[in-house]
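Below is one structure, written out as structure tokens; the observations come after it.
The values are calculated or read from the model by the stated rules, or taken from the named source; none is laboratory data. What you are looking at is a predicted structure, and each value in this text was computed from that prediction instead of being measured. In this analysis, Cβ positions are derived from the backbone assuming ideal geometry, glycine residues included, and neighbour counts consider all displayed protein chains. Each accessible area value is taken on the protein alone, full model and side chains, heavy atoms only, with ligands, DNA and RNA left out. Shrake-Rupley method; radii C 1.70, N 1.55, O 1.52, S 1.80 Å.
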Amino acid sequence: MGQSMSASFAPECTPLKKTYDSCFNEWYSEKFLKGKSVDNECAKEWYAYIECVNAHLKEKGIQPALDDARKEAPFESGGALSDK
Amino acid sequence: MKLFSNNYDFDYPWERVTAANWQKYPNAVSTHVVAVDVLRRELQDGGNVLVSERLLTVQQKVPRWILLVLGGSNVSYVREVSTVNLRDRTLVLRSCNLNYVNLLRVYETVEYTPHPADPRNKTLFAQQAQITAGGKFGRLVNRLEDWSVQRFGDNAQKGKDGFDSVLRLLSAQWDEGVARVTETVDDLDLDNLGAQMAQRVGDINAAAEQAVRESLRKFTILSDYQDLFSDTFDETRRRH
């Protein structure tokens, strides 16, 4: 039995996620870590996947909590807590 | 607020540890993490910095009848922002629970850096968690925070051992020249490895949430939380 890649929180997005992850993991080891990359590749796989994710974040009601967390610990500061 | 901190060495080069970090789940031990999604990812600084925002979906092992009685869901979420920096060779992961933040908030920072004593072959793991229980608990705040810190510590070694075993296998494969990481992982029987990283924010959060919900509803179901429950009952009696 082989190891499968992790699923998406939305089952509908899992196939798109696995396609993206395959591309990303190869890019990460073969290009990024070797300093050979100026672009985040896998764009086609990414957009297909993230479109699905964004739709389901709203549908499952995760979006409001996520918005709060983003305000508190912005992506732009690497997830560090912002001073209140 | 209480702090928990912890350090470990991994006997693998930093680059490998960071590559394995993306492939932690699913695995046999941390079955509570049922899904991992990437929400946002940016390559910065001329290709030297990779920032990723992820959503971890955590499913608690709660007997079905409890869910039926209490209602609600046994699924909770953790948001993580990670930064890989090739210039200073750091991987920093910052995570926080998205559910019940007003009751208990666990904000965790994990940093992987090349080991000062052997930067080519070893990696240093440094973990810190800030645990804050909400005001609703009154005098129980301290106790809940202490309990959470204790639980966080109990799980730390297990998580370390698990990640080690995955690194060992991934490394063997990489040494054989199998560069394609995705294929490598597909070839591994991780179910039998009995482990992986894990037991991080998701675990403490899931356990704490459960304790919180059930203590609020005056249940004494799980022996793990006996102390917390008895305190809660005493407190409740005193107030009524």
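The figures follow:
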read-out	value
Pairs where the first residue, in region B:1-21, is under 26 Å from A:C23 (Cβ atoms) and at pLDDT below 90 and the second is assigned to a strand (DSSP E or B) and open to solvent by 60 Å² or more (accessible area, probe 1.4 Å), C-beta under 7 Å, 6+ apart	none
Only one of B:T184, B:T113 that is of a type outside the set (K, R) and either on the phi > 0 side of the Ramachandran plot or modelled with pLDDT of 75 or more (or both)	B:T113
Complete set of residues in region A:4-54 that are loosely packed, with under 14 Cβ neighbours inside 10 Å and in contact (Cβ under 8 Å) with a residue 40 or more places away in the chain	A:E12
Positions within region B:93-117 being of a type in the set (S, T, N, Q) and under 13 Å from the mean Cα position of the chain (by Cα), in sequence order	B:S95, B:N97, B:T109
Meets criteria (at pLDDT below 75 and of a type in the set (D, E, K, R)) for B:K122	no
Among residues of region A:1-17, those that are out of contact with any strand residue (DSSP E or B) (no Cβ under 8 Å at 6 or more places or on another chain) and modelled with pLDDT under 95, counted	5
Of all residues in region B:22-56 being under 20 Å from B:R168 (Cβ atoms) and facing chain A (nearest Cβ under 9 Å), the one that is modelled with the lowest pLDDT	B:N27
